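The structure under discussion appears below in the form of structure tokens.
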Amino acid sequence: MAEHGAHITTASAVDDQPSIFEVVAQDSLMTAVRPALQHVVKVLAESNPAHYGFFWRWFDEIFTLLDLLLQQHYLSKTSASFSENFYGLKRIVTGDTHKLQRLASAGLPKKQLWKSVMFLVLLPYLKVKLEKLVSSLREEDEYSIHPPSSRWKRFYRAFLAAYPFVNMAWEGWFLVQQLRYILGKAQHHSPLLSLAGVRLGRLTLQDIQSLEHKPAEASRMQQPARSISEKIKSALKKAVGGVALSLSTGLSVGVFFLQFLEWWYSSENQETIKSLTALPTPPPPVHLDYNSDSPLLPKMKTVCPLCRKTRVNDTVLATSGYVFCYRCVFNYVRSHQACPITGYPTEVQHLIKLYSPEN
């Protein structure tokens, strides 16, 4: 009897385990949403730097905050992230048998919930920042104005040399875990799920019924807050829940459109769309009144708009066509990621040195 009971429990755990195609599909959903949204924000920033430039400069932080609200809402209400719930999956606490599993509507326990939030939201944010740091260090190594003997330069060159091996080991860890999952040797397709103390399973009929009836029950059981502090807490909770619900509804409706955008702008056949010639023509200097901090062009064509001195090492920005001193525009672009005159999003690789016949 004991062996028969153990067999039933194991079979049940295997039956609700999603296939590798399901888990990979839900993993790719949020990774497709991010670049699509980033492209939309970039287009808005290029069309109107004064109003939308802020969203481009702080896109990572704004996206992480919204992602935090979204994932926390879904983990506490459906025991799954947004993408996992979209594909009919849920997170199950590791070690729970089939009979002891919580309904998806009960949400994850606090310990597993905040671990999941950390690996779903915080870790990708840190990874994006690290990749941007590596990219900026590589650009600085190529366009460096630091002396060759500087201690800092030796340090970041060593960091750049070690990063590919660390990244390869990280990706290899995930690949090995996925292979073990395919062969049935592991319950988790990702090591992050193991660290969070959960595994993925399919939603059962009871889970779906509980998720459908939960909003109605919550509205019936809701009681008016009595004290002022309770009213404030209730209002804040409703506001956060409303934002998360709006995000989830918007993403659910537009997720296929966002995936199409991500494919369209990452396709090799669409490289010409990203060309610098696709940017709008910069307005004449007399109309540059969108930003009071924007430097006006000097009357003499040989003067740098930033330092107001005769240009040294003439360098043009490919995104706008304006010419500056190399040192001036390098430092400005590295700090602001924008053209000083037009405000167009600009990176260090858009700097082009000019060589006249005189020099």
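The values are calculated or read from the model by the stated rules, or taken from the named source; none is laboratory data. What you see is a predicted model, and the numbers here were worked out from it, not measured in a lab. Cβ placement follows ideal geometry from the backbone for every residue including glycine, while neighbour counts extend to all protein chains displayed. Note: accessible area is taken over every heavy atom of the protein model, side chains too, but ligands, DNA and RNA are not part of it. Shrake-Rupley method; radii C 1.70, N 1.55, O 1.52, S 1.80 Å.
Only one of (1) in a helix (DSSP H, G or I); (2) more than 26 Å from Gly107 (Cα to Cα) is not met by Gln206, so which one is it?
The failed condition is (2).
Scan the range 1-42 residue by residue and report those that are assigned to a helix (DSSP H, G or I), modelled with pLDDT under 75 and either among the β-branched types (Val, Ile, Thr) or open to solvent by 50 Å² or more (accessible area, probe 1.4 Å) (or both).
Of everything in the range 1-42, those that are assigned to a helix (DSSP H, G or I), modelled with pLDDT under 75 and either among the β-branched types (Val, Ile, Thr) or open to solvent by 50 Å² or more (accessible area, probe 1.4 Å) (or both) turn out to be Ala2, Glu3, His4, Ala6, His7, Ile8, Thr9, Thr10, Val14, Asp15.
Of all residues being touching a Pro at 6+ places or on another chain (Cβ under 7 Å) and surrounded by 20 or more Cβ atoms within 10 Å (Cβ to Cβ) in the range 44-80, which is modelled with the lowest pLDDT? Just the residue, please.
Narrowing the range 44-80 to residues touching a Pro at 6+ places or on another chain (Cβ under 7 Å): 45-46, 56.
Then drop every residue that is not surrounded by 20 or more Cβ atoms within 10 Å (Cβ to Cβ), which leaves 45, 56.
Details: Ala45: 81, Trp56: 85.
Ranking the qualifying residues of the range 44-80, first place goes to Ala45.
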